[in-house]
Amino acid sequence: MIAVNIDTALIVQACDFDFNLRRLERYLVMVNEGHIEPVLLLTKSDLVSPEKLEQRIVEVRQANITCKVLPLSNITGFGMDQVRQLLEAGKTYCLAGSSGVGKTTLLNHIIGRDVFETNTVRASDGKGKHTTTQRQLIVLDQGAILIDTPGMRELANIGVSSGLAESFGDI
Ligand SMILES: Nc1nc2c(ncn2[C@@H]2O[C@H](COP(=O)(O)OP(=O)(O)OP(=O)(O)O)[C@@H](O)[C@H]2O)c(=O)[nH]1
Ligand SMILES: [Mg+2]
C-alpha cells in the first residue's frame, strides 16, 4: 500500500539510466489495479539528446502503453508548464518511482521553493540514495494535492487481477 484516494498516479522514470519498459508495465498494472489514471513523467530530459528522448517515447508507444507521457527537466524547466497544467484543484496526485529519479525535486519545483530534501545520485549508475523516507501530502496553493513517496526498491505484481487485464488488453 503506497497511498489511498488517488485520482492520478504520476509514474516517474528518468530518461537516462532509470528508463525501463518492463518496470513501467509493472507500475501500470499496479495503478490500473487501483483504478487510478496513470501519467508517465520522464524526468532528466536534459541528460539525453532530443533523438534519444523521442526514441524513449516511441518505445513506450510500441509497448502499447497509451497513457499520457510528459517529458520534463527539473534543471532546464522543460515540460514544467505541461505538468502544472495537468494538476487540477481538488484532485489528488501521487508521485511514484525509483529512488533518484527526481520526484522530490519536481515537487520543490512546483512549490517554487526547496522545501523538501533531495540528494545526488550515484555517478556510476544513476541510482538514488533513498532520500525521501516517508510519504508527504502537500496541498498546493492552486488546490491540487500532491503526495511524494520514498523511491521504490522493487515492484512486483502479486495478487493482481483487473490491473493485468487492463494493462495488457490486447492479450
Ligand atoms: N539532470 C537532472 N537532474 C535531476 C532532475 N531532476 C532531479 N535531478 C537530480 O536527481 C537527484 C535526485 O533527485 P531527488 O528529487 O532527490 O530524487 P527522488 O526521486 O525524490 O529520490 P528518493 O527520495 O530517494 O526516492 C538530485 O541530485 C536532483 O538534483 C532533472 O530533471 N535533470
Ligand atoms: Mg524524494
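A compact table of results
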read-out	value
Mean ellipticity per residue at 222 nm, deg cm²/dmol - from DSSP H runs of n ≥ 4 across the chain, formula -39500 (n - 2.57)	-8000 deg cm²/dmol
Interatomic Cα distance distribution for the chain, bins of 5 angstrom, percent	1, 8, 18, 22, 22, 16, 9, 2, 0, 0
Karplus (6.51, -1.76, 1.60) ³J(HN,Hα), θ = phi - 60°, over the stretch 34-39, in Hz, Gly and Pro reported as x	x, 6, 10, 6, x, 10
Reachable lysines from Lys103, criterion Cα separation under 21 angstrom, eight or more residues apart if same chain	Lys44, Lys68, Lys91, Lys127, Lys129
Counting DSSP beta bridges with both ends in the stretch 8-159, the antiparallel % (nearest 5)	15 percent
Given charges at Cβ of Lys, Arg, Asp, Glu: the stretch 8-159 dipole, positive-most of Ala156, Gly77, Val31	Ala156
Sequence-distant residues sharing a close amide H with Thr132 (under 5 Å, placed H)	Gly151
Burial ranking of peptide ranges 130-136, 101-107 (average Cβ count within 10 Å, highest at the top)	101-107, 130-136
Calculated FRET value between Gln62 and Asp141, using beta carbons and R₀ = 35 Å, to 0.05	0.35
Estimated distance in nm for a label pair at Ala123 and Leu47, the labels positioned 7 Å out from Cα along Cα-to-Cβ	1.4 nm
Compactness index (Cα Rg / 2.2 N^0.38 Å), the stretch 81-139	1.21
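Computed from the coordinates by the stated procedures, all read-outs in this text should not be read as laboratory data. No experiment lies behind these values; they were computed from the predicted model shown. Quick reminder, even Gly has a Cβ in these numbers, built from the backbone with ideal geometry, and neighbours come from all protein chains shown.
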